[in-house]
Structures are given as structure tokens and as C-alpha cells.
Amino acid sequence: MHETEAKGLAFIWLVYMVICLLISSVWKLGARLKEKLGRQQFVRYSKESQNFENDLAVLERSYLTSFLLPRKKFLEPVKAKDFAIFFIDEGLVKGKTFDSKTYFIDKNIQELENKLDPNTFFRTNRQHLINRNAVKHLEPDSFGKTGLALNVDHEDVVISKLKSKQFKEWLVEFSG
């Protein structure tokens, strides 16, 4: 074997090893993402993702799981998943639980949207943040808007034409 052939084979071997290393790294990241999203969401996600590393960091972010809220003369711990809806009433943010207790919340809707798990809560409009488990049924209208009936005593929520499609995809995509 000539020296040039040996160098060529060594170069090919080096390229092969680098490719294997890259594939292994991507495989490990994919496994972590599958663990976070579940198999079905991973397949859809991996086709659409443009910034894999950044999105993986967002998935690993922890979300607010409970509140310590004033109730009469004491503070009551309430789990975030127990809230059916967060809404604005006369300029104040309130949260209503599935057992119909209403609490004043010391955060605005935008803060809640950023701190709560987006797989559980969806911002339907400027005034409402809905828990997916609170959705009783949807009532599409002829103008593309969607009415939303809830499992708790609360006025029906209207979702704009622009957010209706996104809401329906969210409701189906993460339903278990």
C-alpha cells in the first residue's frame, strides 16, 4: 500500500469517526426530547423545529406548580392544576378552581401565561387563561370565532378567529 493510499484511508476513517460522534450526540438529544414530549409530539416537533437546542432548554424549564393565596384570615396552598380558569374581573386577576372557589391572584395574565405549563394552560384571549381539563365543548360560529363552554360556572369564553386554529391544535395535540 502506498503512502498516499494510507493517508486517504486514514482521512476517510477520521471523517467516519466524526460523523459517528455527531450522530451519537444528536441521538442523545433526541432521546432527551422524546422523554420530555412523548413519542407522538416528538415526531411532529422534530419535523417543525428550527432551533433544537433552544427549544430543548425551554422544555427543561420548570413551571409554577402551586400558589400560596389569601383565603379569609389565612394563606391557602393551591395547586396550579386545580385551577380551571384565570381571568380578569374589574381590572383584577382572579382564578377559579374546579370546585368553584375564586381567588385573587397577585400576578397579571401575562406573568401567569409565562409561569404556567403551556401543555396545561392556554391563553385564549386578553382576559382568559384556560386549563385544558376545564373545556366542556367548543361552539364554532360562522365568522371563524369559537365559543368555549367550561366545566365550571363561568361565562362562556370566546376565542378569536386567529387563535381558534391554534387552540384546537393545542387541545388535540396534548390530550392524553
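Just wondering, is there one or more residues in segment 112-122 that are out of contact with any His (no Cβ under 6 Å at 6 or more places or on another chain) and either in a strand (DSSP E or B) or outside the structural domain of His154 (by TED's automatic domain parsing) (or both)? It would help to see each step written out before you state the result.
Looking only at segment 112-122, we keep the residues that are out of contact with any His (no Cβ under 6 Å at 6 or more places or on another chain), and these are 112-122.
Next, from what is left, pick out any that are either in a strand (DSSP E or B) or outside the structural domain of His154 (by TED's automatic domain parsing) (or both): 121-122.
Within segment 112-122, one or more residues are out of contact with any His (no Cβ under 6 Å at 6 or more places or on another chain) and either in a strand (DSSP E or B) or outside the structural domain of His154 (by TED's automatic domain parsing) (or both).
Under 9 Å between Cβ atoms, which residue pairs at least 6 apart in sequence (or on different chains) link something in segment 61-77 that is at positive phi with a partner that is of a type in the set (Phe, Trp, Tyr) and surrounded by 10 or more Cβ atoms within 10 Å (Cβ to Cβ)?
As it stands, the answer is none, since no pair meets every condition given.
Give Thr120, Thr124, Thr102 a once-over and let me know the one that is within 19 Å of the chain's Cα centre (by Cα) and either modelled with pLDDT of 95 or more or under 25 Å from Leu75 (Cβ atoms) (or both).
Sole residue among the options that is within 19 Å of the chain's Cα centre (by Cα) and either modelled with pLDDT of 95 or more or under 25 Å from Leu75 (Cβ atoms) (or both): Thr120.
The values are calculated or read from the model by the stated rules, or taken from the named source; none is laboratory data. Remember, predicted model here, so these are calculated numbers, not experimental data. Virtual Cβ from ideal backbone geometry, glycine too; neighbours counted across all protein chains shown.
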